[in-house]
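Accompanying notes for the structure given below.
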Amino acid sequence: VPTIVMRGQWDGIASFDDLVRFFERLPSPEKQLVTMPGISHASFQQKNYLMVYHILWSFFSQPDPLYRG
């Protein structure tokens, strides 16, 4: 399952190290870990909310890989 983990730079819910350890355990090769600068936990209510929509749009609209090995 394609997976994206998004974390605001100032998000205090989970530390970056905790998220990296979780991210490494995800079995899918189609995964992304994104840190969003200037954002805390409530990313859709922040001043930089358009960045959140851009990241999500980019993830869901990326083309399928031509070769999977």
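The values are calculated or read from the model by the stated rules, or taken from the named source; none is laboratory data. The shown structure was predicted, so the numbers you read here are calculated from the model rather than taken from an experiment. Quick reminder, even Gly has a Cβ in these numbers, built from the backbone with ideal geometry, and neighbours come from all protein chains shown. Accessible surface is based on the protein model in full, side chains and every heavy atom, while ligands, DNA and RNA are left aside. Shrake-Rupley method; radii C 1.70, N 1.55, O 1.52, S 1.80 Å.
One table, with the values for the structure above:
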read-out	value
Residue in the range 17-32 that is open to solvent by less than 70 Å² (accessible area, probe 1.4 Å), modelled with pLDDT of 95 or more and part of a strand (DSSP E or B) present	yes
Residues within the range 5-16 that are open to solvent by 40 Å² or more (accessible area, probe 1.4 Å) and either touching a Leu at 6+ places or on another chain (Cβ under 6 Å) or assigned to a strand (DSSP E or B) (or both), tallied	1
Scope the range 46-60; condition surrounded by fewer than 10 Cβ atoms within 10 Å (Cβ to Cβ) and more than 12 Å from PRO2 (Cα to Cα); matching residues	LYS47, LEU50
Enumeration of residues in the range 21-58 that are of a type in the set (Val, Ile, Thr) and within 11 Å of the chain's Cα centre (by Cα)	VAL34, THR35, VAL52, ILE55
Residue within the range 4-27 that is among the charged types (D, E, K, R) and touching a strand residue (DSSP E or B) at 6+ places or on another chain (Cβ under 8 Å) present	yes
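Listed here are the residues, each with its yes/no results for (1) of a type in the set (Val, Ile, Thr); (2) under 30 Å from GLY69 (Cα atoms).
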| site | (1), (2) |
| --- | --- |
| VAL1 | yes, yes |
| GLY12 | no, no |
| ARG21 | no, yes |
| GLU24 | no, yes |
| MET36 | no, no |
| HIS41 | no, no |
| GLN46 | no, no |
| LEU50 | no, no |
| ILE55 | yes, yes |
